[in-house]
Amino acid sequence: MKRILVVANETVAGKPLIDAVRRRADGDVQVHVICPQNQPKHGYVIYEHHVRQAAENRLKMTLALLREAGIEADGQVMDPDPYSAVMDAVGEEDYDEIVISTHPETRSGWLRQGLVDRVQRAARRPVEHVVVDLDATRDDVKRTLVVANQTVGGRDLLETLKRKAAEEPRRFIVISPQSEEEGSGEAYDRLAHTLKELEDAGLDAVGQVVHPDPYTAIQNALQFYAPDDIVVSTFPETRSGWLRADLISRVEASTGKPVEHVVSEEAA
């Protein structure tokens, strides 16, 4: 059986990477995907479990894409240092090939570290470098970032997501900034309920509880998930701290992506 090790982080769900693995998946092949964690570029406080969960979600989306292509694969989140992660993986299992996916050179910290050359010298097996430009290359499924806290399971938001999924194929990434006034259990319960509702409706979605500041959470989600558009759900203006902080306009101005605002009268 041919064994392929795939190494990717923010580009892990990129179409060029999926295509590269598909080209190698003739005959009996086993694919193992490792995702070294990265560090968010925004916010003064780093929530390590949020970073890991984002990596787990990216990995989950990639394994789903490989299954859709008829390729059975497994994977794991690894050490933040990509070279150490590759060496650990190669030390544990014998792989015939290694595929490393990065951003283009102007955006890739891995390339600035000389990762591909270092792995080629140390691993002593074929290494292919796949460049994924997430801004220029998309798969056939759009990624929609959904941002909501107390309204995350509201009917208005769920109906909006169902409508968008009916218009064209989509994957939803649902993030719930946890307010500092409440315990994390409530936010996780609301998110779990929403993901179950979306699953029952046949929608493809992953989610996580994130940084309490919604603007910071959105900036980090852009880095982690590279969404095509954004849906923000809030209470009406008289009840919404997010609207009083002008969140929608700030996100539109900073991201340049389509932003849809859903107003919900009810909490989840």
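Every number here is computed from the coordinates shown, using simple stated rules; none is lab data. Because the structure is predicted, anything quoted here is derived from the model rather than measured. Heads up, the Cβs are rebuilt from the backbone with ideal geometry, glycines too, and the neighbour counts pull from every protein chain shown.
Tabulated data for the structure shown
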quantity: Ellipticity estimate at 222 nm from DSSP helix runs (n ≥ 4, -39,500 (n - 2.57)) divided over the chain, nearest 500; calculated: -12500 deg cm²/dmol
quantity: Amide H contacts under 5 Å for residue 209, placed H, 5+ residues apart; calculated: 176
quantity: Positive-end extreme of charge dipole, the chain - chosen from 198, 187, 89 (charges on Cβ); calculated: 89
quantity: 0 to 90° range, to nearest 10: angle between helix 184-200 axis and the chain longest Cα axis; calculated: 80
quantity: Rounded to 10°, Cα long-axis angle of helix 48-68 versus longest principal axis of the chain; calculated: 70
quantity: Global geometry of segment 142-263, whether rounded, prolate or oblate, following the gyration tensor of its Cα atoms and the 1.5 cut on a/c; calculated: rounded
quantity: Contact order normalised by residue count of the chain, Cα under 8 Å, 6+ apart, percent; calculated: 20
quantity: Segment 142-263, relative contact order [Cα under 8 Å, separation at least 6], %; calculated: 33
quantity: Protection proxy ranking of 100-112, 146-158 - average other beta-carbon atoms within 10 Å, highest first; calculated: 146-158, 100-112
quantity: Separation in nanometres of the label points that stand 7 Å from Cα toward Cβ, at residue 1 and residue 228; calculated: 3.5
quantity: Lysines with Cα under 17 Å of residue 142, excluding same-chain neighbours fewer than 8 positions away; calculated: 15, 60, 162, 164, 257
quantity: Cα long-axis angle, helix 15-24 against the chain (0 to 90 degrees, to the nearest 10); calculated: 30
quantity: Among (i) 14.4; (ii) 18.8; (iii) 16.6, the entry that matches mean projected area of the Cα convex hull in nm² as calculated here; calculated: (i)
quantity: Cut-off under 5 Å, modelled amide H: who pairs with residue 37 long-range; calculated: 78
